[in-house]
1. Checking the condition modelled with pLDDT under 95, surrounded by fewer than 21 Cβ atoms within 10 Å (Cβ to Cβ) and among the basic types (Lys, Arg), which residue from Lys8, Lys90 passes?
2. In region 276-288, which residue that is over 15 Å from Phe143 (Cβ atoms) and not polar (S, T, N, Q) is surrounded by the most Cβ atoms within 10 Å (Cβ to Cβ)?
3. Residues that are farther than 30 Å from Asp277 by Cβ, of a type outside the set (S, T, N, Q) and touching a strand residue (DSSP E or B) at 6+ places or on another chain (Cβ under 8 Å): list the helices (runs of 4 or more DSSP H) wholly contained in region 327-443 that include at least 3 such residues.
4. Quick test for you: out of Asp388, Asp400, Asp380, pick the one residue that is over 30 Å from Ile423 (Cβ atoms) and touching a residue at least 24 places away in the same chain (Cβ under 8 Å).
5. Restricted to region 118-138, and to residues that are assigned to a loop (DSSP other than H, G, I, E, B) and out of contact with any strand residue (DSSP E or B) (no Cβ under 6 Å at 6 or more places or on another chain), which residue is surrounded by the most Cβ atoms within 10 Å (Cβ to Cβ)?
6. With the structure loaded, tell me whether Glu150 is modelled with pLDDT of 95 or more and of a type outside the set (Val, Ile, Thr) or whether it fails that test.
7. Yes or no: Glu319 surrounded by 17 or more Cβ atoms within 10 Å (Cβ to Cβ), over 29 Å from Glu17 (Cα atoms), among the acidic types (Asp, Glu) and assigned by TED's automatic domain parsing to the domain that holds Thr259?
8. Take Met333 and tell me if it is among the hydrophobic types (A, V, I, L, M, F, W, C) and without any contact (Cβ under 8 Å) to a residue 24 or more places away in the chain.
Amino acid sequence: MKNFRGYKQSKLPKSDEAISQTDPGTFCGEYLRRYWHPVALTSEVSTTPLQIRILGEDLVIFKTTENKIGLVHKNCAHRRASLVYGKCEKKGIRCCYHGWLFAPDGEILETPGENPNSKSAAKLRKTFKLGAYPVFEFNGLVFAYMGPPENTPEFPHYDAFDTPEITRRPYRIEYNCNWIQVLDAIMDPVHTSFLHGQSSGIQFSKGFAEVGELEFFERGVQYLGCNTRRVDDHVWVRVNELILPNFTQAGSAFSADGTKTRYFGRSSFTRWVVPVDDNHCIALAWGNFGKRGDPMEYNTKEGCEKIEAGEIMDRTWEERQQRPGDTEAVEGMGSITAHKGEHLMPTDYGIMIYRRRIRKLIKSLKEGKEPPQPQHKKGDIIKTNGQDTVLRIPKRNIDDRKFIKSIGSAVMKLQFDAEKMSIKDRDRSIINQLKDIEKSGAI
């Protein structure tokens, strides 16, 4: 009986509040507010106001009759009525209760119930604004900056926005758990072998079940997890990517299975994990389809769900229990996992280093130093590295695990060496060098 440890472990360990609490006034919330985040799909925004919650803040997003998008605090500045019941007009949104009209930037344009000569009303219109945030609509996603106005950064431009021969489909997935639990998965390449390749059967392709050789890279605010697998006579290099605070990419979900050559295929999704509050988050993303993404037949709502989590979202409890996907894995930890009860292993190194960096950036912000943006200087196109490469390189009469890891390292190096090139030249250079490696067998 002494071997049973339940009683001694009955008290739930604590969560890591420094990185999991994101509501207004929290240190991590202040850190996240220094960046642009997607907050809605363009298709969700119309002249019918929509209530949303981001970073623990209740907001209303709407479109004027002139197609200008506004993102404002939910409650009217007059008597706190909800603007989700407001009426969208040419210049802004009008409160249903007393008719006050607010511009997309929060300016009080009209207070119609008050005397036209009222000095107090005129003073309020001149000196006070409803809380509002700047927005930027791009390719089916609406982004917002919710930090100090004087520190508004340039909207980041990633090379993934311009990958040729790609069709992008915006999608939104809701998670009933803290944002860190969802973000962790991108820096956990091993989970794909077990959750998506063994525990729940084959959710993507058979090759995912192979446990590969891991290598992690920390490059400024970019974190990469490279998983190199042997699949018969082929070596499959798959790279997961996180750019702080919450931009994520990976290889394809369905285009690559490790059995056919593929040269620098790009990510199945371009994705941000955004806190709704401490107990919920959303993934807002594009599914990427075409020659260098996933197959066009997955360009559907259900296809994006499978790419995101391995399974569709609308399933019975029995289906979820028998074939869990990412949703079940991360939500099953609880709304906020007990981080202090984790036992992190060497395969969790990517999770350790990115969490550590976020803590350091939060500490620096508390001391008055603004966190770095993804782009090094204004106008930069941010080079990304999430990808799949499959090369036909049969086994040799040497330690194959060390051999395939050396191939993964070589692939990463040539990607890094080409970062200063233009997107077109970089892609061409990487692909040609990969073909040379495959042809010569020289690493």
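The values are calculated or read from the model by the stated rules, or taken from the named source; none is laboratory data. Only a predicted model underlies this, so the values are computations on that prediction, with no experimental measurement involved. Neighbour counts run over all protein chains shown; Cβ positions are idealised from the backbone, glycine included.
1. Working: Lys90 fails: modelled with pLDDT under 95.
The match here is Lys8.
2. Taking region 276-288 and keeping what is over 15 Å from Phe143 (Cβ atoms), we get 276-281, 287-288.
Then drop every residue that is not not polar (S, T, N, Q), which leaves 276-278, 280-281, 287.
Values: Val276: 21, Asp277: 19, Asp278: 22, His280: 16, Cys281: 25, Gly287: 28.
My answer is Gly287.
3. Numbers: elements: 349-366, 400-417, 423-440.
Filter on region 327-443 gives 400-417, 423-440.
4. Numbers: Asp388 fails: over 30 Å from Ile423 (Cβ atoms); Asp380 fails: over 30 Å from Ile423 (Cβ atoms).
Matching residue, one of Asp388, Asp400, Asp380: Asp400.
5. Filtering region 118-138 for residues assigned to a loop (DSSP other than H, G, I, E, B) gives 118, 128, 130-131, 134.
Those still in the list that are out of contact with any strand residue (DSSP E or B) (no Cβ under 6 Å at 6 or more places or on another chain) too: 118, 128.
On the way: Ser118: 13, Phe128: 11.
Taking the candidates together, the pick is Ser118.
6. On the way: modelled with pLDDT of 95 or more: yes; of a type outside the set (Val, Ile, Thr): yes.
So Glu150 passes the test.
7. Details: surrounded by 17 or more Cβ atoms within 10 Å (Cβ to Cβ): no; over 29 Å from Glu17 (Cα atoms): yes; among the acidic types (Asp, Glu): yes; assigned by TED's automatic domain parsing to the domain that holds Thr259: yes.
So Glu319 fails the test.
8. Numbers: among the hydrophobic types (A, V, I, L, M, F, W, C): yes; without any contact (Cβ under 8 Å) to a residue 24 or more places away in the chain: no.
Here the answer is no, as Met333 does not meet what is asked.
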